[in-house]
Amino acid sequence: MLDKQFHCQDCGSLQGYRSRPRNFTEKYILPALCMRAVRCADCFRRSYQWIFVQARERHGSDVTRRVAA
């Protein structure tokens, strides 16, 4: 189970990256169960994987926020 490679169940791709948590369940409950949302890099399907599955970090996650003056 440790150090497992991502495998998309829809298209069979081995390329996956971490997906942003969308709701309360994905933000707080999944981590308590040692799981996280992962998106396939080829078909963009989201799935829940163990935290031990290798997945790349999201690109473009460094968004600058504007502060109203």
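The values are calculated or read from the model by the stated rules, or taken from the named source; none is laboratory data. Computed from a predicted structure; not experimentally measured. Note that each Cβ is placed from the backbone with ideal geometry, even for glycine, and that neighbours are counted across all protein chains shown. Each accessible area value is taken on the protein alone, full model and side chains, heavy atoms only, with ligands, DNA and RNA left out. Shrake-Rupley method; radii C 1.70, N 1.55, O 1.52, S 1.80 Å.
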### Message
Pull out all pairs, ordered by first then second residue, where Cβ-Cβ is under 6 Å, the residues are six or more apart or on different chains, the first lies in segment 43-69 and is under 14 Å from SER19 (Cβ atoms) and at pLDDT 70 or above, and the second is charged (D, E, K, R) and part of a loop (DSSP other than H, G, I, E, B).
### Response
CYS43/ASP10; ARG45/ASP10
### Query
Which ranges mark the strands (runs of 3 or more DSSP E) fully within segment 1-61 that have 2 or more residues being open to solvent by less than 40 Å² (accessible area, probe 1.4 Å)?
35-40, 46-50
